[in-house]
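> Sharing a structure with you now.
What follows draws every value from the coordinates through simple rules; no lab data is involved. Please read all numbers here as calculations on a predicted model, not as lab measurements. Here the Cβ positions follow ideal geometry from the backbone for every residue, glycine too, while neighbour counts run over all protein chains shown.
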Amino acid sequence: MNSKTKLVIDKLNGLLNQLTLVAEDIDYLSYQTVSLPQDISAYDAYRIMTQSQPKWLKILFQMRDFLGRMVGIRTIKGFNQLTEDIPNIGDLVHFFTVFELEKDKLSLIIKDHHLDVCLHLRLIDDSDKQNKLYVITSVKNHNLIGKLYMVPVSVLHPFIVNRLLRNLNAKK
């Protein structure tokens, strides 16, 4: 882990008190924030973020699945519509496994032989009527395929998350 990543982790731990990452020594870290009304839970924020996606993102998921099959990466098929039913720890939500679930916290993990990913959503009190949502993604690569996979993903991921966060702004 490089020193810049370590500084970001220290900053996030200071803000959030406790941060869930996929591993202690991660290879990729990204975070984005947005303000939300206090009545939205971390799971609801994820559900709203992923309920609608632009056509270009659907195409990227299709390309990812097509190319990934050639090197043994399992298909994920993108985001489908989630119900309002709250999942349990260990349940699948899209292609992730629910690792942590509280009103203000949702950690989703996917692990395979190429890389492990944790998507951590955390809400903190920002004002009387607003929370700040942190969407934190951490990745641990296991081999060359994982590293190669992350080359385009590391560039595109912040744009994708920021686009999905716009779905939350539409719900305010």
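> Using only the Cα atoms of region 7-84, build the gyration tensor, take square roots of its eigenvalues as a ≥ b ≥ c, and label the shape rounded, prolate or oblate: rounded if a/c is under 1.5, else prolate if a/b is larger than b/c, else oblate.
oblate
> Expressed in nm to one decimal, what extension gain is obtained for the pair Val71 and Asp91 from 0.36 nm per residue of sequence separation less their Cα-Cα distance?
Once the chain is fully extended between Val71 and Asp91, it gains 4.5 nm.
> Now for a different question. Once a ≥ b ≥ c are taken as the square roots of the eigenvalues of the Cα gyration tensor of region 112-169, is the result rounded (a/c under 1.5), prolate (a/b larger than b/c) or oblate (a/b not larger than b/c)?
It is prolate, given that a/c is not under 1.5 and a/b is the larger ratio.
> Only Cα pairs under 8 Å and at least 6 apart count here; give the relative contact order of region 3-171 as a rounded whole percent.
31 percent
> For labels at Asn80 and Lys147 in the simple 7 Å Cα→Cβ model, what's the distance in nm?
The modelled label-to-label distance comes out at 3.6 nm.
> Name the most mobile residue of Ile59, Ile73, Ile40, meaning the one with the largest mean-square fluctuation, in a Gaussian network model of the chain with Cα contacts below 10 Å.
Result: Ile59 has the largest fluctuation of those listed.
> Note down the nm distance, to one decimal, between modelled labels 7 Å out along Cα→Cβ at Val8 and at Ser35.
2.4 nm
> Select from Leu60, Leu121, Leu36 the residue whose mean-square fluctuation is largest in a Gaussian network model of the chain (Cα-Cα springs shorter than 10 Å).
Looking only at Leu60, Leu121, Leu36, the biggest GNM fluctuation is shown by Leu60.
> In deg cm²/dmol and to the nearest 500, what is the mean residue ellipticity at 222 nm of the chain if only DSSP H runs of at least 4 residues count, each as -39500 (n - 2.57), divided by the residue total?
Value at 222 nm, helices only, nearest 500: -13000 deg cm²/dmol.
> Where is the GNM fluctuation largest for the chain (alpha-carbon springs, 10 angstrom cutoff): Met63, Met150, Met49?
Top of the fluctuation ranking is Met63.
> Wrap a convex hull around the Cα atoms of the chain, take a quarter of its surface area, and give that in square nanometres.
If you wrap the Cα atoms of the chain in a convex hull and average its projections, you get 9.7 nm².
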